[in-house]
Amino acid sequence: LAAKLKDASLLETRAYINGEWVGSETRFAIENPSTGETLAEVPDLTVTDTNRAIDAAYAAKAAWAAKTGKERGAILRKLYDLMVANADDLATILTAEMGKPWAEARGEVLYGASYVEWFSEEAKRLYGDFIPGHATDIRMVVVKQPVGVVGAITPWNFPNAMIARKLAPALAAGCTMVARPSEFTPLSALALTVLIERAGVPAGVFNIVTGLDAAGIGKALCDSPKVAKMTFTGSTRVGKILMRQGADTVKKISLELGGNAPFIVFDDADVDAAVQGAMIAKFRNNGQTCVCANRIYVQAGVYDAFAEKLAKAMGALTLGDGFAEGTTTGPLINAAALAKVEDHIADAVAKGATVLTGGKRSALGGTFHEPTLLTGVTQEMKVASEETFGPLAPLVKFETEAEAIAFANDTEFGLASYFYTGDLKRAWRVGEALETGMVGINTGAISSEIAPFGGIKQSGQGREGSKYGCDDYLEIKNLCFGGI
Ligand code: ADP
């Protein structure tokens, strides 16, 4: 892997605590999911190391918070510039450890960088408020202050952007951070940390702990009274564990959890545009994003046409190694992910669904699975209620708008939804009725640094990105002046 990089020093295999690169006696291997090859070994750090990182972040927080927003913003801006300048190498590391096609990986790096750019600007705009007093001699000023030390836990599906999306608003707000990247994809996080150091982030402000003991490290962060807040992206199951564990110290918590996004195509939609949107919403990252369309509801009048056109569009997907020219779709992250896709297909077929295209593991072997289109899917099948997180597009037929909304909302999840319609009144009606934090209306791409990203129901709480993004890292304090 080092030979593929322009700057091999980005392939860092040590963790980072209090401004120092640290190793450990035991290490664990990172594999390329496309080839099975071992790429590197990183430190298997422990709860003791985590507590050291927490202490470092705690010690660093006052000085970081005391900097002006402009000063913190300038450092973040430098980080943004470094991410852009090194985007090719960051993408190469990302593709190697995660498998997504290189062009898509580069897109993720720039997407992650866009949050750093945005919050480098927002650092200057952490405005408070003036409130007229409740008595003639009273004046009140509301100020916003950083919450303090933040514990961050991130998943493997966006190894770069999920870390960037958390550290940027946290550091902009004046918080310090201890981050634990997924054990499958720590190399992107470590490469980013190299740039964080180069950008001039002071020692202790950003710390990174790699380790296999996810539960132990997570609990150490939750248990510590020095950690004011947890921010997590991952499964609903683990999100609930963190919420429970955080109760003892009354942690603030931001959670970006599982989704089960409905994608609805009404009879009055532009079917070609809907197919294009579905390709993005379903097959980006090989179906491995929490906002991926999981269930596709198509109104009876356009069902057959949509199915045919989607099958045709899927024919253009090219499975392969992320570094190979022309690859649009990489492997799944691991054997468990592959098994889940197979299980959802088998369950649907057993209950009466038909495989229109794909349907099985790819001849490429490993964890490659054919992009698969199922028709005749119903609400009783697993694909309707569980997040597949893979290249499976299940088509459910519906008759009325009310039925589509009922199907779409029949889930404990509420992250993203999508629908296509040519009717303005319906666009408003359905947009307001869908129980999700984000709704794509005639678009399959909803996420950017300028927009609030996050879910309702059991998909989480808090928002990342946008003018609201720093709120999750700020306390509101009322300064009440008397005797004026
Ligand atoms: P995914 O299905 O996306 O892998 P997980 O919730 O299992 O979702 O993993 C997201 C992140 O949470 C990963 O970094 C993983 O190592 C970590 N993790 C898993 N279990 C725990 C736990 N009990 N406490 C804290 N972090 C955990």
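The values are calculated or read from the model by the stated rules, or taken from the named source; none is laboratory data. Everything numeric here is computed off the predicted structure, so don't read it as measured data. Note that we place each Cβ from the backbone using ideal geometry, even for glycine, and neighbour counts take in every protein chain shown.
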For this session: Please verify whether the range 287-301 includes one or more residues that are surrounded by fewer than 18 Cβ atoms within 10 Å (Cβ to Cβ) and out of contact with any Gly (no Cβ under 6 Å at 6 or more places or on another chain).
Result: yes
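Given the condition of a type in the set (Asp, Glu), touching a residue at least 40 places away in the same chain (Cβ under 8 Å) and assigned to a helix (DSSP H, G or I), answer yes or no: does some residue in the range 169-191 qualify? Before you say what the answer is, go through the steps one by one.
Within the range 169-191, the subset of a type in the set (Asp, Glu) is 183.
Checking which are touching a residue at least 40 places away in the same chain (Cβ under 8 Å) leaves us with 183.
When the remaining residues are screened for being assigned to a helix (DSSP H, G or I), the result is none.
Checked the range 169-191: no residue is of a type in the set (Asp, Glu), touching a residue at least 40 places away in the same chain (Cβ under 8 Å) and assigned to a helix (DSSP H, G or I).
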Exercise. Which ones in the range 226-279 are away from the ligand (no atom under 15 Å from the Cβ), out of contact with any Phe, Trp or Tyr (no Cβ under 8 Å at 6 or more places or on another chain) and of a type in the set (Lys, Arg)?
Worked result: LYS252
For this session: Would you please name the residue that is farthest from ILE280 (Cα to Cα), looking only at residues in the range 383-425 that are in contact with a His (Cβ under 9 Å, 6 or more places away or on another chain) and surrounded by 21 or more Cβ atoms within 10 Å (Cβ to Cβ)?
Result: VAL383
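Answer with yes or no whether GLU71 is of a type in the set (D, E, K, R) and more than 16 Å from the ligand (Cβ to nearest atom). If you could, list the steps in order and put the result at the bottom.
Working: of a type in the set (D, E, K, R): yes; more than 16 Å from the ligand (Cβ to nearest atom): yes.
Yes: the conditions hold for GLU71.
Residue-by-condition table, conditions (1) within 26 Å of VAL147 (Cβ to Cβ); (2) in a helix (DSSP H, G or I); (3) in contact (Cβ under 8 Å) with a residue 60 or more places away in the chain:
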| position | (1), (2), (3) |
| --- | --- |
| TYR58 | yes, yes, yes |
| LYS70 | yes, yes, no |
| LEU76 | yes, yes, yes |
| LEU82 | no, yes, yes |
| LEU94 | no, yes, yes |
| SER114 | yes, yes, yes |
For this session: Mind telling me which of the residues GLU71, GLU104, GLU122 ends up being touching a Pro at 6+ places or on another chain (Cβ under 8 Å) and of a type in the set (Asp, Glu)?
Result: GLU122
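The rows are residues; the columns are (1) within 25 Å of the chain's Cα centre (by Cα); (2) buried (at least 19 other Cβ atoms within 10 Å of the Cβ).
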residue: THR328; (1), (2): yes, no
residue: VAL349; (1), (2): no, no
residue: ALA353; (1), (2): no, yes
residue: GLY358; (1), (2): no, yes
residue: VAL377; (1), (2): no, yes
For this session: Please determine, by comparing only the residues of the range 133-181 that are of a type in the set (Val, Ile, Thr) and within 16 Å of the ligand (Cβ to nearest atom), which one is surrounded by the fewest Cβ atoms within 10 Å (Cβ to Cβ).
Result: ILE153
Problem set entry | Leading residue by the ranking (nearest to SER224 (Cα to Cα)) among those in the range 6-39 that are within 24 Å of the chain's Cα centre (by Cα) and among the small types (Gly, Ala, Ser) | ALA15
Exercise. Looking only at the range 1-43, which residues are in contact with a Lys or Arg (Cβ under 7 Å, 6 or more places away or on another chain) and in a strand (DSSP E or B)?
Worked result: ILE17, TRP21, VAL22, GLU41, VAL42, PRO43
Exercise. Looking at the range 198-225, which of the residues that are surrounded by 19 or more Cβ atoms within 10 Å (Cβ to Cβ) and assigned to a helix (DSSP H, G or I) is nearest to the ligand (Cβ to nearest atom)?
Worked result: GLY218
Exercise. Within the set of pairs 6+ apart or on separate chains, which have a first residue in the range 128-156 that is in contact (Cβ under 8 Å) with a residue 60 or more places away in the chain and closer than 30 Å to LEU221 by Cβ, a second that is within 16 Å of the ligand (Cβ to nearest atom) and assigned to a loop (DSSP other than H, G, I, E, B), and C-beta atoms under 6 Å apart?
Worked result: THR154/PRO181; PRO155/SER182; PRO155/GLY234; TRP156/SER182; TRP156/PHE184; TRP156/THR185; TRP156/ILE333
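Listed here are the residues, each with its yes/no results for (1) more than 25 Å from SER254 (Cα to Cα); (2) among the polar types (S, T, N, Q); (3) modelled with pLDDT under 95.
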position: LYS67; (1), (2), (3): no, no, no
position: ARG72; (1), (2), (3): no, no, no
position: ILE93; (1), (2), (3): yes, no, no
position: LYS124; (1), (2), (3): no, no, no
position: GLN145; (1), (2), (3): no, yes, no
position: THR154; (1), (2), (3): no, yes, no
position: PHE158; (1), (2), (3): no, no, no
position: ALA164; (1), (2), (3): no, no, no
